[in-house]
1. For segment 87-98, take each phi angle, set θ = phi - 60°, evaluate the Karplus expression 6.51 cos²θ - 1.76 cosθ + 1.60, and give the result in whole Hz per residue in order, putting x for glycine and proline.
2. Calculate what fraction, in whole %, of the accessible area of segment 161-270 sits on carbon and sulfur atoms when a 1.4 Å probe is rolled over the protein chains.
3. Can you report the principal axis dimensions of segment 102-250 using only the alpha carbons, biggest first, rounded to whole angstrom?
4. May I ask you to give the solvent-accessible area per residue for segment 107-239, in square angstrom, as obtained with a 1.4 angstrom probe?
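The values are calculated or read from the model by the stated rules, or taken from the named source; none is laboratory data. It should be emphasised that the depicted structure is a prediction, and the values quoted were computed from it without experimental measurement. Areas reflect the complete protein model, heavy atoms only, side chains present, ligands, DNA and RNA absent. Shrake-Rupley method; radii C 1.70, N 1.55, O 1.52, S 1.80 Å.
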Amino acid sequence: MSQQNDTGTAAEEPVFPTVREVDAGAPLRWIGRGIGDFRACPIPSLFYGFCFAAMGLLVTMVFEHAYEYTAAMTSGFLLVGPFLAMGLYEISRRHEEGQTCALLPTLTVWRRNAGNIGIFAVVLGVVFLVWARASLVIFALFYTNELPNLSGFLNQLVTLENLEFLLVYFSVGLLFACIVFAASVISVPLMLDRNQDAISSMLASIGALARNPGAMVVWASLIVILTIIGFLSFHLGLVVLMPIVGHASWHAYRDLVAPAGDAPPPTGAR
């Protein structure tokens with residue numbers, strides 16, 4: 001049965017998407033295209049960039065003397081990034097189709113598939129809450145030094161004090177990050193673009209990771225590196241870098257998922 005999309009035109013029922021293989025250098029091309037979208041639509045992109053920077057600044061200010069919460073909240077910042085970047089995906093989609101770079105239509109883009117995006121948001125929220133609790137437990141069990149302020153804590157990280165704590169903390173954090181990355185690498189753009197359900201979108205995202213491990217490692221590394229640069233630049237870098245990552249994520253989706261209606265490639269085809 002067909003249904004009508006938000007433009008009033010008939011749309012086919014979504015089918016499970018076909019995931020394509022890409023080479024390990026693809027993430028660099030996605031970043032390049034993301035920069036192109038940022039340059040073409042700077043004002044709406046910067047709006048979201050300032051939102052990301054404000055969030056990072058707020059986290060740092062509120063938890064300046066409670067670094068155990070800062071670590072969890074900063075990790076949560078990365079966990080909910082795909083959800084917060086929906087407006088950037090819409091900017092890239094509109095630019096791709098030759099539409100105007102308007103901010104207002106991107107603010108309510110979630111309405112296009114509100115139910116499934118809500119399910120995905122709940123999943124991310126649950127993962128974040130579990131990680132935040134796990135973070136506190138790890139601090140309680142393994143952190144042995146006197147509790148410093150945030151700058152003192154960062155200094156201990158750099159000097160590799162409390163090595164046992166660092167190994168446990170980052171191992172557990174990496175596990176949560178891998179779970180979220182696998183489920184979210186293409187899921188939100190897929191839900192917005194094709195009205196796909198949340199479960200199928202997350203399964204397709206996991207499939208994209210399984211089929212392209214090399215490219216996904218490069219892509220995840222780029223996201224982490226750019227985010228760290230943004231935080232280390234007193235959050236100012238987030239204003240530009242987060243919109244670029246968001247735009248690039250849209251192009252990652254475009255490369256990793258075959259257009260609707262395309263036949264699956266023959267077995268063994270690349």
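1. Each residue of segment 87-98 in turn: x, 5, 4, 5, 4, 5, 5, 5, 5, 4, 8, x Hz.
2. Here it works out to 75 percent.
3. Taking the Cα atoms of segment 102-250, the three principal extents are 51, 31, 30 Å.
4. 50 Å²
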